[in-house]
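Below is one structure, written out as structure tokens; the observations come after it.
The values are calculated or read from the model by the stated rules, or taken from the named source; none is laboratory data. Keep in mind that what you see is a predicted model, and the values were worked out from it rather than measured. Counting neighbours? That spans all protein chains shown, and the Cβs are built from the backbone with ideal geometry, glycine included. Accessible surface is based on the protein model in full, side chains and every heavy atom, while ligands, DNA and RNA are left aside. Shrake-Rupley method; radii C 1.70, N 1.55, O 1.52, S 1.80 Å.
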Amino acid sequence: MIAFKNVTKYFPTKNGRKYILRDVSFTLKSGENVGVIGPNGAGKTTMMRLICGVDIPNSGQIETTYFLSWPMGIAGGLQGGMSGRENAKFVCRILGEHEDQIAEKLKFIQDFAEIGNDFELPVRNYSSGMRARLNFAISMGFDFDCYVVDELTAVGDQKFREKSAKFFKDKREEACFIKVSHNLKELEDECDSALFLMEGNLYYFPEVLDGINSYQAVIKGDAPPELEDHLVNKPTARTQPNKDWFTALASVDLKAQGKKLKEHGLRISAPLLQQKPKKLRIPPAKKVQMELPVLGEPEQQRRSIAPPAPRRAAVKKAPRKSERFARATDVVERLLEHKKILPPG
């Protein structure tokens with residue numbers, strides 16, 4: 001059993017919120033195989049992540065009694081720096097497998113994935129098809145109550161697809177599936193009911209064929225009128241303002257109403273719409289002198305913080321003559337004086 005209770009999931013974008021689910025409340029019965037359909041970008045993978053607990057809703061909650069698998073998709077789920085064996089062994093330990101059973105699980109995964117000796121190489125060296133097959137093999141190595149599959153059975157060659165289909169058929173006797181696929185024929189053959197996700201609205205169809213027909217009609221631009229009957233989220237209608245109330249308010253004669261109130265000794269103030277707006281006067285800024293306590297002194301002793309005094313202009317000092325220059329000047333002056341003393345001729 002999987003129960004949605006007022007679940008809302010959205011992503012913030014530049015154009016506002018993009019809703020994947022909007023106030024969704026419904027319950028999937030136990031043992032029910034469900035096919036999930038919808039146009040690209042509707043949020044099918046996000047809903048699978050919500051069901052498995054990988055992602056959380058913005059509001060509401062999802063309850064389940066299943067032992068759910070992780071979202072089995074083509075992308076994600078594997079660590080590129082680890083080998084295929086190490087990834088599989090890590091998953092075994094996370095799910096609580098005993099050491100004696102891990103070797104058996106690894107042998108099954110290696111044989112089912114059909115990747116040979118590449119099982120010992122880092123996953124980052126794998127092709128997209130090899131990664132998908134390894135991911136699928138790891139998922140099939142454990143017994144879950146419900147398998148959540150996101151476009152995973154469409155990978156691999158014809159032989160691998162046939163083996164996957166046969167394995168799913170055997171598993172269907174013991175567990176149920178929630179499958180996302182654009183292969184409508186596959187969903188019609190393997191699923192009991194359908195979930196149609198579009199523009200934040202979720203439609204539930206007890207018969208999978210009815211859901212497929214409605215989906216095809218919507219894609220062609222001819223939505224069936226009974227589509228709203230299958231909507232599981234019922235958004236509350238937003239209340240619109242009463243235009244008649246605004247019209248009646250505008251036609252009220254306030255002066256006449258004021259005269260009637262005066263007769264009874266009452267007064268009515270003029271409405272705000274008839275008053276002239278007053279200009280907001282902002283007083284000029286005043287210089288405030290802050291007083292703070294001096295550190296290390298009693299709190300009663302305070303000092304005022306005043307702006308610092310301007311610095312005095314530096315006085316230029318006369319350049320200092322060197323001692324050698326002073327001596328040379330003295331010698332020249334003495335020679336000149338001696339010439340004045342000498343007699344002419």
Identify all residues within the range 114-132 that are at pLDDT below 85 and open to solvent by 40 Å² or more (accessible area, probe 1.4 Å); write none if there are none.
128
If you scan the range 84-113, which residues turn out to be surrounded by 17 or more Cβ atoms within 10 Å (Cβ to Cβ) and over 30 Å from residue 47 (Cα atoms)?
106, 110
Cβ pairs under 9 Å, 6+ apart or interchain, first in the range 20-32 and farther than 13 Å from residue 194 by Cα and open to solvent by 80 Å² or more (accessible area, probe 1.4 Å), second of a type in the set (Phe, Trp, Tyr) and not in a strand (DSSP E or B), ordered by first then second residue, are 30/66
When you scan the range 69-78, do you find a residue that is free of Cβ contacts under 8 Å to residues at least 24 places away in the same chain, surrounded by 18 or more Cβ atoms within 10 Å (Cβ to Cβ) and under 30 Å from residue 208 (Cα atoms), even just one?
no
Is it fair to say residue 31 is more than 16 Å from the chain's Cα centre (by Cα) and part of a strand (DSSP E or B)?
no
Only listed residue being within 13 Å of residue 36 (Cβ to Cβ), in contact with a Leu (Cβ under 8 Å, 6 or more places away or on another chain) and modelled with pLDDT of 90 or more, chosen from 208, 180:
208
Odd one out for residue 94 among (1) under 30 Å from residue 183 (Cβ atoms); (2) among the β-branched types (Val, Ile, Thr); (3) within 31 Å of the chain's Cα centre (by Cα):
(1)
Which is open to solvent by less than 80 Å² (accessible area, probe 1.4 Å) and modelled with pLDDT of 90 or more, of 165, 154, 223, 194?
194
Could you run through the range 34-62 and say how many residues are touching a residue at least 12 places away in the same chain (Cβ under 8 Å), assigned to a loop (DSSP other than H, G, I, E, B) and either more than 26 Å from residue 210 (Cα to Cα) or more than 15 Å from the chain's Cα centre (by Cα) (or both)?
8
